[in-house]
1. Is it true that some residue in the stretch 31-41 is loosely packed, with under 11 Cβ neighbours inside 10 Å and modelled with pLDDT of 95 or more?
2. Determine which member of the set 64, 27, 88 is open to solvent by less than 20 Å² (accessible area, probe 1.4 Å) and either hydrophobic (A, V, I, L, M, F, W, C) or in a helix (DSSP H, G or I) (or both).
3. Is it the case that residue 74 is under 11 Å from residue 170 (Cα atoms), hydrophobic (A, V, I, L, M, F, W, C) and either in contact (Cβ under 8 Å) with a residue 24 or more places away in the chain or not in a helix (DSSP H, G or I) (or both)?
4. Out of curiosity, is residue 8 part of a helix (DSSP H, G or I) and either charged (D, E, K, R) or under 21 Å from the mean Cα position of the chain (by Cα) (or both)?
5. Pull out all pairs, ordered by first then second residue, where Cβ-Cβ is under 8 Å, the residues are six or more apart or on different chains, the first lies in the stretch 87-99 and is in contact (Cβ under 8 Å) with a residue 12 or more places away in the chain, and the second is charged (D, E, K, R) and open to solvent by 10 Å² or more (accessible area, probe 1.4 Å).
6. All but one of (1) touching a residue at least 60 places away in the same chain (Cβ under 8 Å); (2) in a helix (DSSP H, G or I) hold for residue 41, so report the exception by its number.
7. Out of curiosity, is residue 47 among the hydrophobic types (A, V, I, L, M, F, W, C), out of contact with any helix residue (DSSP H, G or I) (no Cβ under 6 Å at 6 or more places or on another chain), in a helix (DSSP H, G or I) and at pLDDT 95 or above?
8. Condition first: open to solvent by 60 Å² or more (accessible area, probe 1.4 Å), of a type outside the set (Val, Ile, Thr) and either free of Cβ contacts under 8 Å to residues at least 40 places away in the same chain or within 21 Å of residue 92 (Cα to Cα) (or both). Now tell me which residues in the stretch 1-22 satisfy that.
Amino acid sequence: MKQWLSQRLKLLAILAGLLVIIQVINSLTGYALTRFGIIPREVNSLIRIPLAPFIHGSWGHLLSNLPPLLILSAILMHRTIREYVYASSFIIITSGLAVWLVGRYAIHVGASGWIFGLWGLLIAQGFFRRQLVDILIALLVLFYFGAMAAGLLPIHQYISTESHIAGAISGIFYAWWINRRKKKPLSSTER
């Protein structure tokens with residue numbers, strides 16, 4: 001149990017430290033790193049999709065994203081770290097691609113798409129898995145983070161609502177896809 005917890009705490013500390021270090025570099029360079037965000041429909045921007053969630057436009061931006069990212073990450077890690085890494089990678093890539101395809105012309109940075117993906121995933125797992133632990137987690141996430149649903153509405157001009165929506169859809173899709181794969185019987189060639 002001690003090793004289980006220490007591995008997860010170490011990963012969360014590394015994630016938080018990485019985000020803070022990137023923000024320090026970004027702020028010291030006059031926010032030069034923001035150019036590595038996603039710019040929709042610019043081919044050169046495709047390579048930036050995995051980078052964009054780690055770059056924030058201001059300290060306020062980072063500090064508003066960091067607590068929900070760490071909390072939702074910790075909740076998703078209750079099973080395995082591998083499951084968290086796969087889900088996060090899927091959410092970051094697919095939501096980034098969606099923003100690249102349909103986002104408004106702007107530089108999209110920040111972890112909010114990733115956060116909304118984790119949020120959607122944790123809620124959807126309760127629905128798709130229908131196991132008591134997953135249902136309780138979904139209810140907990142809805143109770144404590146239910147106000148996040150307002151972030152799906154295009155209220156503020158400088159907030160990437162596209163990232164929020166794409167992240168939530170990616171998380172829900174991932175939950176559905178993984179649940180479907182686990183229920184599908186293996187064919188004789190896959191065994």
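The values are calculated or read from the model by the stated rules, or taken from the named source; none is laboratory data. The shown structure was predicted, so the numbers you read here are calculated from the model rather than taken from an experiment. Methodologically, a virtual Cβ is constructed for each residue, glycine included, from the backbone with ideal geometry; neighbour enumeration extends over all protein chains shown. Protein only, heavy atoms only, side chains kept; ligands, DNA and RNA dropped before computing areas. Shrake-Rupley method; radii C 1.70, N 1.55, O 1.52, S 1.80 Å.
1. Among the residues of the stretch 31-41, not one is loosely packed, with under 11 Cβ neighbours inside 10 Å and modelled with pLDDT of 95 or more, which makes the answer no.
2. Just a single option satisfies the conditions, and that option is 88.
3. No: the conditions fail for residue 74.
4. Here the answer is yes, as residue 8 does meet what is asked.
5. That search, which allows pairs on different chains as well, returns 98/162; 99/162.
6. (2)
7. For residue 47, the condition - among the hydrophobic types (A, V, I, L, M, F, W, C), out of contact with any helix residue (DSSP H, G or I) (no Cβ under 6 Å at 6 or more places or on another chain), in a helix (DSSP H, G or I) and at pLDDT 95 or above - is met.
8. 1, 2, 3, 4, 5, 9, 10, 13, 18 - these are the residues of the stretch 1-22 that are open to solvent by 60 Å² or more (accessible area, probe 1.4 Å), of a type outside the set (Val, Ile, Thr) and either free of Cβ contacts under 8 Å to residues at least 40 places away in the same chain or within 21 Å of residue 92 (Cα to Cα) (or both).
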